[in-house]
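Q: Before anything else, here's the structure in question.
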Amino acid sequence: MRKFLIYILTLFGILSAAMPAESQDLDSLWDVFNTVKDDTSKIILLNEEIGLYYESVNPDSAILMYDLAADIADKHIYNPGKVSKKHLFYFQFYKFTALRYAGMLYANFSEHTMAQKYFNNALSMTKMMYESGSTEKEKRILKGGLAACYVNIGITYYYTGVYEAAVSNYLKSLKLYEELISTCTNKSNRSKYKYGISTCYTNLGNIYQEQMSTEKALDYHFKSLEIKKEIEDKRGEGICLNNIGNTFLSKFNYKKAEEYYKKALDLAIKTNDTKSQSISYSNLGIVEKRLGNYDGAIEFYTTALKIKLELDDKNGITNVYSNIASLYISKADSIAKTESEKNMYISHALQYAEKALIIAREIKALPYVNEAYKNLMLVNKLRKNFKMAYLYADDYIVTKDSLFSDEKTVALNEMGAKYEAEKKQLKIDRLNNENKIKQVQIDKNKEEAQKQQLVINAIVIGLSVFLVFLLLVILLFMQKKKANKLLNFQKHEIQQKNDDLQQANHEILAQKEEIEVQRDLVVEQKDRIEEQKNLITTGIELAKNIQQSLLPHDEQAQNIFGNHFIIFKPKDIVSGDFYWGTKIDDLLIVTVADCTGHGVPGAFMSMMGISFLNEIVSKKKIFSAGEILDDLRASVISALKQKGFTGEQKDGMDMSLCVINTSNGNMQFAGAYNPCIIMKKSGEMIDLLPDKQPVAIYDRMKPFTNTECTLEKGDRIYLFSDGYVDQFGGPKGKKFRIAGLKELLIQTANLPIEHQKAKIQENLDQWMNGFEKNYDQIDDITVLGLVV
């Protein structure tokens, strides 16, 4: 050890003589390297000076320097006969350091596969050294190295989306750091171990945040922040503040998120930490975007991107690209005033989303790949390229399932709970071991007392009987008193340890009782939830009966529609679709509508639509198809109090409506997104197209088009919601599409109307359940066909 210190002091002396205090350029460093003779100094120089210098100017060369340091160390490691055991340990530790530094450099540039390779090699070497009979001091050094390696490996798993492996490594590291700090009195080393514990807390907080365990995440982040302040790690404080902001952001507490992001930014500016500045700018951009301030958001994103490009921070670059893509998607979907403006925003979003995907794939960062797929899915949906949108949606779901699942969340929580339980058990085991040591000492004292007695007996044999007896009595009394005093003291210590064990057992029993109380509470809450569910289901069944009473029943439908069929399949108990019809003199008025959503919300909207239609036709006597939809839209806007705010256009109806004069065959049609198909008796198909606007408030509202045509006896009219054509199924799991429905209507046009209905229903069942995979119904389905 003394010789090792001499090496270091000699090297530092050479460096001080060869390099100016403020300008240790590369030539000077290589001059020193070529001057020193011993390999120890060369390795330290490569690891701590030359490699560090190259990291800032040429990272590839820095890795070569660390590899060179490892190679020089190998010359001594694999020639053990030529080096002492003590020096062999230090050469192995130098190699471990070189491997870790290279791995950290790869990780900084997001090359996580190479980083893991170096970290695992360093970990294997350290484990081998730890198990090969090192001294206690060496084992303490190696334990710190193991803890650092586990953190490094955990971080690479985090950035590649393998969260369970990341948590496992973080907990291993945390356990080692806690063991080290529990026996450490050196102030400098305690600060290092606290830094390691803080790093573990930060990384665990990030993973629990990703898993949406926000309270647990906040607990870890605030613990980490407290340690960072204690050890005066300003950069670490900034990281913690950003992480706390991220967690509040995921809780939709934008005010708190912005508060912590600004604190982090102020600290980063004060410490001239450009990387942390870029993170804070990007985070503030997310807050501005969530609040609808798109101009402020793009300003923050642009500032963050400029810094990340200068730093070549690939993780950061792909993150900002994804954020900018998401922003342009929101602008295209909500604030674009013209089609050209919308297309411009879509083009920008596509450009940034594709850039993000390229880099995310390059660095194998699964969370960023998942975010890029999501943005590309949304962009292609806006472009109406539904095929690409579906493909990206599939990729998004697959990668998201790889990152997040209930099973993974449970596994991560179990890992944390297991760690805490092991921690308590170690404390109990340590107390038991201390008691065993005390008992061994008692037995040893008894044995020594017996030996002393034999010595005394041997000494007094030659003395007179009286003196022997007197001295023997005195000595025996004194020894017994001393032994009793010692035994009483040791008995007291054993009793104290037993009390500690009993206290620990009481705590465990108390925790067990608390767990049982929590379990009973969960069971009680489950029963309440089931009761609430039954009440809700009963209410929905009642709503179904009300809704059914508003729809034309079989006899009434026959009187209104004549020769017809109706396919009505709600997705839930009640439906967001409805069909309606009435006859007034020679006019037959019929409609099929698809209200916003399905289930209870859609059912309420459908009942409101039926009520308004009855009022418009029966009371107001409006018989023009276009005017009926205009008046219905006005009623919906008034009833829903729509003012034109973003998102309100999603509450309304898509529908097709026909007004048929049964005396002369004249038909009027008006549609809101939903078309009407006419099959002429001659076999010709006529497709009446709807207006591209809903029966609700809309940013470009215009009067509904009133289309007229002439029908002949025997012609068939088909009205339908989008549930049938949007249903997934078939051999490839795709939508049936309107083209498929048209083909089906052509094939069955000559069948009696009731047989045609059976074929359409049979086709739907076959599409959903007739192939390798069965598909659930995704929306309410309504198809109405009638013969003129």
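The values are calculated or read from the model by the stated rules, or taken from the named source; none is laboratory data. In this text, all values refer to a predicted model and were calculated from it rather than measured experimentally. Cβ placement follows ideal geometry from the backbone for every residue including glycine, while neighbour counts extend to all protein chains displayed.
Q: Out of segment 572-587, which residues are of a type outside the set (S, T, N, Q) and in contact with a Gly (Cβ under 7 Å, 6 or more places away or on another chain)? Give the steps one after another, and end with the answer.
A: Looking only at segment 572-587, we keep the residues that are of a type outside the set (S, T, N, Q), and these are 572-574, 576-581, 583-587.
Hits for segment 572-587 are D572, V574, G576, D577, F578.
Q: Checking L142 against (1) farther than 30 Å from M212 by Cβ; (2) in contact (Cβ under 8 Å) with a residue 60 or more places away in the chain, only one condition comes out false. Which one?
A: (2)
Q: Can you pull out the residues in segment 558-584 that are under 25 Å from Q756 (Cβ atoms), over 37 Å from the mean Cα position of the chain (by Cα) and either at pLDDT below 90 or part of a strand (DSSP E or B) (or both)?
A: Of everything in segment 558-584, those that are under 25 Å from Q756 (Cβ atoms), over 37 Å from the mean Cα position of the chain (by Cα) and either at pLDDT below 90 or part of a strand (DSSP E or B) (or both) turn out to be H564, F565, I566, I567, F568, F578, Y579, W580, G581, T582, K583.
Q: All but one of (1) modelled with pLDDT under 75; (2) not assigned by TED's automatic domain parsing to the domain that holds L632 hold for G599, so report the exception by its number.
A: (2)
Q: Would you tally the residues in segment 632-681 being part of a helix (DSSP H, G or I) and either in the same structural domain as I335 (by TED's automatic domain parsing) or over 22 Å from L784 (Cβ atoms) (or both)? Explain how you work it out, then say what you get.
A: Initially, segment 632-681 is screened for residues part of a helix (DSSP H, G or I), giving 632-640, 648-650.
Still in the list and also either in the same structural domain as I335 (by TED's automatic domain parsing) or over 22 Å from L784 (Cβ atoms) (or both): 634-635, 637-640, 648-650.
Total meeting the criteria: 9.
Q: Filter segment 181-219 for residues that are among the aliphatic types (A, V, I, L, M) and either crowded, with 21+ Cβ neighbours inside 10 Å or modelled with pLDDT of 90 or more (or both) and give the result. It would help to see each step written out before you state the result.
A: First, the residues of segment 181-219 that are among the aliphatic types (A, V, I, L, M): 181, 197, 204, 207, 212, 217-218.
Across segment 181-219, the qualifying residues are I197, L204, I207, A217, L218.
Q: Please go through segment 50-100 and give me each residue that is of a type in the set (D, E, K, R), at pLDDT below 85 and closer than 23 Å to G144 by Cβ, ordered by number.
A: E55, K85, K86, listed by residue number.
Q: Hey, can you tell me all the residues within segment 52-73 that are within 30 Å of S84 (Cβ to Cβ) and out of contact with any Lys or Arg (no Cβ under 7 Å at 6 or more places or on another chain)?
A: In the first step, residues of segment 52-73 are kept if they are within 30 Å of S84 (Cβ to Cβ); the result is 52, 64-73.
Result: L52, L64, M65, Y66, D67, L68, A69, D71.
Q: I've got another one for you. Inspect segment 145-160 for any residue being more than 27 Å from the chain's Cα centre (by Cα) and not in a loop (DSSP other than H, G, I, E, B) and give the result as yes or no. Let's see the steps before the verdict.
A: In the first step, residues of segment 145-160 are kept if they are more than 27 Å from the chain's Cα centre (by Cα); the result is 145-146.
Narrowing further to those that are not in a loop (DSSP other than H, G, I, E, B): 145-146.
Yes, some residue in segment 145-160 is more than 27 Å from the chain's Cα centre (by Cα) and not in a loop (DSSP other than H, G, I, E, B).
Q: OK, next. Just one of the numbered conditions (1) in a loop (DSSP other than H, G, I, E, B); (2) within 19 Å of the chain's Cα centre (by Cα) is not true of L204; which one?
A: Of everything listed in (1) in a loop (DSSP other than H, G, I, E, B); (2) within 19 Å of the chain's Cα centre (by Cα), L204 misses just condition (1).
Q: May I ask you to verify whether L688 is modelled with pLDDT of 95 or more and over 20 Å from A593 (Cα atoms)?
A: For L688, the condition - modelled with pLDDT of 95 or more and over 20 Å from A593 (Cα atoms) - is not met.
Q: Could you say whether any residue in segment 105-117 is farther than 28 Å from K216 by Cα, hydrophobic (A, V, I, L, M, F, W, C) and more than 29 Å from the chain's Cα centre (by Cα)? Spell out the reasoning first.
A: Step one: list which residues in segment 105-117 are farther than 28 Å from K216 by Cα, which gives 105-106, 109, 111, 113-115, 117.
Checking the rest, the ones that are also hydrophobic (A, V, I, L, M, F, W, C) come to 105, 109, 114-115.
So of that shortlist, the ones also more than 29 Å from the chain's Cα centre (by Cα) come out as none.
For segment 105-117, residues farther than 28 Å from K216 by Cα, hydrophobic (A, V, I, L, M, F, W, C) and more than 29 Å from the chain's Cα centre (by Cα): absent.
Q: State all residues of segment 756-788 that are closer than 29 Å to L711 by Cα, of a type in the set (A, V, I, L, M) and not in a helix (DSSP H, G or I); if no residue qualifies, say none. Break it down into steps so the answer makes sense when it comes.
A: So in segment 756-788, the residues closer than 29 Å to L711 by Cα come out as 756-764, 781-788.
With the extra rule that they be of a type in the set (A, V, I, L, M), the set shrinks to 758, 760, 764, 781, 783-784, 786-788.
Across segment 756-788, the qualifying residues are I781, V783, L784, L786, V787, V788.
Q: Name the pairs whose Cβ atoms lie under 8 Å apart, with the first residue in segment 443-461 and under 16 Å from K481 (Cβ atoms) and of a type in the set (D, E, K, R), the second modelled with pLDDT under 75 and assigned to a helix (DSSP H, G or I), and 6 or more positions between them or separate chains?
A: K446/A483
Q: Are any of the residues in segment 365-379 in a helix (DSSP H, G or I), among the acidic types (D, E) and crowded, with 22+ Cβ neighbours inside 10 Å?
A: Among the residues of segment 365-379, at least one is in a helix (DSSP H, G or I), among the acidic types (D, E) and crowded, with 22+ Cβ neighbours inside 10 Å, which makes the answer yes.
Q: From the set of residues in segment 453-500 that are of a type in the set (D, E, K, R) and surrounded by 11 or more Cβ atoms within 10 Å (Cβ to Cβ), which is modelled with the lowest pLDDT?
A: First, pick out the residues of segment 453-500 that are of a type in the set (D, E, K, R): 480-482, 485, 491, 493, 497, 499-500.
With surrounded by 11 or more Cβ atoms within 10 Å (Cβ to Cβ) added as a condition, the list becomes 480, 482, 491, 493, 497, 500.
Values: K480: 75, K482: 78, K491: 73, E493: 74, K497: 74, D500: 68.
Ranking the qualifying residues of segment 453-500, first place goes to D500.
Q: Another question, if that's okay. What number of residues in segment 760-788 are exposed (fewer than 15 other Cβ atoms within 10 Å of the Cβ) and within 28 Å of N559 (Cβ to Cβ)? Steps first, please.
A: Our first condition is that a residue be exposed (fewer than 15 other Cβ atoms within 10 Å of the Cβ); within segment 760-788, this holds for 762, 765-766, 769-776.
Imposing the further condition that a residue be within 28 Å of N559 (Cβ to Cβ) reduces the set to 762.
Summing the residues that are exposed (fewer than 15 other Cβ atoms within 10 Å of the Cβ) and within 28 Å of N559 (Cβ to Cβ) in segment 760-788 gives 1.
Q: Hey, another quick one. Take segment 715-743 and flag every residue that is without any contact (Cβ under 8 Å) to a residue 40 or more places away in the chain and in contact with a Lys or Arg (Cβ under 7 Å, 6 or more places away or on another chain).
A: V725
Q: While we're here: Here is a list: S656, S638, S721, S624. Which entry is polar (S, T, N, Q) and over 24 Å from T782 (Cα atoms)?
A: Working: S656 fails: over 24 Å from T782 (Cα atoms); S721 fails: over 24 Å from T782 (Cα atoms); S624 fails: over 24 Å from T782 (Cα atoms).
Being polar (S, T, N, Q) and over 24 Å from T782 (Cα atoms) holds for just one of S656, S638, S721, S624, which is S638.
Q: Tally up the residues in segment 318-347 that are farther than 20 Å from Y698 by Cβ and either surrounded by fewer than 18 Cβ atoms within 10 Å (Cβ to Cβ) or in contact with a His (Cβ under 6 Å, 6 or more places away or on another chain) (or both), please.
A: Summing the residues that are farther than 20 Å from Y698 by Cβ and either surrounded by fewer than 18 Cβ atoms within 10 Å (Cβ to Cβ) or in contact with a His (Cβ under 6 Å, 6 or more places away or on another chain) (or both) in segment 318-347 gives 3.
Q: Which one is farthest from Y345 (Cα to Cα) among residues in segment 380-395 that are surrounded by fewer than 17 Cβ atoms within 10 Å (Cβ to Cβ) and among the aliphatic types (A, V, I, L, M)?
A: In this case the residue turns out to be L391.
Q: In addition: Would you point out which residue out of I279, I239 is outside the structural domain of A304 (by TED's automatic domain parsing), buried (at least 18 other Cβ atoms within 10 Å of the Cβ) and at pLDDT below 95?
A: Values: I279 fails: outside the structural domain of A304 (by TED's automatic domain parsing).
Criteria check complete, one pass: I239.
One line per residue, one yes/no per condition, for (1) within 27 Å of V162 (Cα to Cα); (2) touching a residue at least 40 places away in the same chain (Cβ under 8 Å); (3) within 18 Å of the chain's Cα centre (by Cα):
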residue: T185; (1), (2), (3): no, no, no
residue: E226; (1), (2), (3): no, no, no
residue: K234; (1), (2), (3): no, no, no
residue: I244; (1), (2), (3): yes, no, yes
residue: T247; (1), (2), (3): yes, yes, yes
residue: E258; (1), (2), (3): no, no, no
residue: T271; (1), (2), (3): no, no, no
residue: L284; (1), (2), (3): no, no, no
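Q: Restricting attention to segment 526-556, which residues are under 16 Å from A593 (Cβ atoms) and modelled with pLDDT of 85 or more?
A: If the condition is that a residue be under 16 Å from A593 (Cβ atoms) and modelled with pLDDT of 85 or more, then L551, P552 are the ones that fit.
Q: Regarding S611, is this residue among the polar types (S, T, N, Q), out of contact with any Gly (no Cβ under 9 Å at 6 or more places or on another chain) and either assigned by TED's automatic domain parsing to the domain that holds I677 or not in a strand (DSSP E or B) (or both)?
A: Details: among the polar types (S, T, N, Q): yes; out of contact with any Gly (no Cβ under 9 Å at 6 or more places or on another chain): yes; either assigned by TED's automatic domain parsing to the domain that holds I677 or not in a strand (DSSP E or B) (or both): yes.
Taking the combined requirement at face value, the residue satisfies it.
Q: Which of the residues that make up segment 333-344 are at pLDDT below 90 and not charged (D, E, K, R)?
A: Answer for segment 333-344, where residues must be at pLDDT below 90 and not charged (D, E, K, R): S334, I335, A336.
Q: Among (1) among the β-branched types (V, I, T); (2) closer than 20 Å to E164 by Cβ; (3) not assigned by TED's automatic domain parsing to the domain that holds T156, which single condition is T214 missing?
A: Looking at each condition in turn, T214 falls short on (3).
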